[in-house]
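Visitor: Can you keep this structure in mind? I'll have questions shortly.
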Amino acid sequence: MSSVSKMMKELADREAIRDVLLRYCRGSDRCDTAMVLDAYWPDAHDDHMEFSGTPEEFVDYSTPILQTMRFSQHQLINVLICIDGNTAEVESYFQGYHSIPSDNGDRHDVIAAGRYLDIFEKRIDEWRILKRFVIVDWFREFPDTGNWNAGPFGMGDKVKRGDLKPHDLSYKFFKNL
């Protein structure tokens, strides 16, 4: 249990940790490998479902998979942060939505939910992930995907669609991200 005064002292650190988590999700969804790597310390280790290795190895493993998905979104829901000096134990619930190529050339959707269990470390006034474990608590696979020609609500090509780096509109929109 955290006291109010302890949380007040930790407020900037807690927000810095959340920022790392959100940038990781954005980097993953946009296939922005530099942004994903910035979430980890170079000597970090990631146990990510079937993968186990360094941040660079994780990016080399995951980016080609994510590029085939093309439409992917990670959301963080509950984030519990326990800071002890220059380390923090962080549990973040996630939901991931993915449009995946099927063997027959079509696409199908997968929704997965789970938790990132992270050990963060603060070095020279900067927080990053030192160790990550990924736990999948729930998933659902659908045999098809949305009709992108019709678009959401039948709006077709009038809807701005997300894309990978550098084509996503957000890379033009944000000047300092």
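The values are calculated or read from the model by the stated rules, or taken from the named source; none is laboratory data. Keep in mind it's a predicted model, so treat the numbers as computed, not measured. Reconstructed Cβ throughout: ideal geometry from the backbone, glycine too, with neighbour counts over all protein chains shown. Heavy atoms of the whole protein, side chains included, go into the accessibility calculation; ligands, DNA and RNA do not. Shrake-Rupley method; radii C 1.70, N 1.55, O 1.52, S 1.80 Å.
Visitor: Can you give me the P(r) profile for the stretch 1-96? Cα pairs, bins 5 angstrom wide beginning at 0, each as a whole percent.
Guide: Histogram of Cα-Cα distances, whole percents per bin: 2, 12, 20, 24, 19, 11, 7, 4, 1, 0.
Visitor: Helix 55-69: angle to the longest alpha-carbon principal axis of the chain, degrees 0 to 90, nearest 10?
Guide: 30
Visitor: Also, I was wondering about something else. For the chain, calculate the relative contact order in percent as a whole number, restricting contacts to Cα pairs under 8 Å that are 6 or more residues apart.
Guide: After rounding, I find 19 percent.
Visitor: Would you tally the net charge around Lys165, using a Cβ to Cβ cut-off of less than 10 Å, leaving Lys165 out, and scoring K and R as +1, D and E as -1?
Guide: Counting the neighbours of Lys165, the net charge comes to -2.
Visitor: What is the stretch 8-90's relative contact order, in percent, from Cα pairs under 8 angstrom and six or more apart in sequence?
Guide: Relative contact order, the stretch 8-90: 24 percent.
Visitor: Checking a compactness column here: for the stretch 101-145, what do you get for Rg(Cα) / (2.2 N^0.38 Å), N being the number of residues? Show your work: numbers first, answer last.
Guide: On the way: Rg = 17.0 Å, N = 45, 2.2 N^0.38 = 9.3 Å.
Scaled against compact globular proteins, the figure is 1.82.
Visitor: Let me ask something else. Suppose every K and R has +1 on its Cβ and every D and E has -1 on its Cβ; what is the size of the dipole of the stretch 135-177 about the Cα centre, in Debye to the nearest 20? The partial results should precede the final answer.
Guide: On the way: 7 positive and 6 negative charges, 76 e Å.
Rounded to the nearest 20 debye, it is 360 debye.
Visitor: Let me ask you something else. What net charge do the residues around Phe142 carry, taking every other residue with its C-beta under 11 Å from that of Phe142, with Lys and Arg at +1 and Asp and Glu at -1?
Guide: Here the count lands on -1.
Visitor: Next up: Using a Gaussian network model on the chain with a 10 Å cutoff between Cα atoms, which of Trp41, Trp148, Trp127 fluctuates the most?
Guide: Trp148
Visitor: Next question, about the same structure. For the chain, max minus min Cα coordinate along each principal axis, in Å, sorted largest first?
Guide: 53, 35, 29
Visitor: Dipole of the chain, Cα-centred, from +1 at each Lys and Arg C-beta and -1 at each Asp and Glu C-beta, to the nearest 20 debye?
Guide: In debye, rounded to 20, the chain gives about 780.
Visitor: Between beta-carbons, use under 13 Å as the cut-off and find the net charge around Ser99, counting Lys and Arg +1, Asp and Glu -1.
Guide: -3
Visitor: Still on this structure, please answer the following. Would you list Val79, Val36 from the most to the least accessible area, probe 1.4 Å?
Guide: Val79, Val36
Visitor: Let me ask something else. So, for the chain, what is the accessible surface per residue at a probe of 1.4 Å, expressed in square angstrom? Working shown, then result.
Guide: Numbers: 10970 Å² over 177 residues.
About 62 Å² of surface per residue is accessible.
Visitor: If you split all Cα-Cα distances of the stretch 17-60 into 10 Å bins from zero, what percentages do you get per bin, shortest first?
Guide: Bins of 10 Å from zero give 31, 59, 10 percent of pairs.
Visitor: Once the mean 1/r over all distinct Cα pairs of the stretch 94-169 is inverted, what Kirkwood radius in angstroms do you read off?
Guide: When all Cα pairs of the stretch 94-169 are included, the Kirkwood radius is 15.7 Å.
Visitor: Under a cut-off of 24 Å between alpha-carbon atoms, report the lysines in cross-link reach of Lys172, not counting same-chain residues fewer than 8 places apart.
Guide: Straight-line reach from Lys172, under 24 Å: Lys158, Lys160.
Visitor: Which percent of the accessible area of the chain is formed by carbon and sulfur heavy atoms (probe 1.4 angstrom)? All intermediate terms of the calculation are to be shown ahead of the outcome.
Guide: On the way: 6170 of 10970 Å².
Summing carbon and sulfur atoms, their accessible area is 56 percent of the total for the chain.
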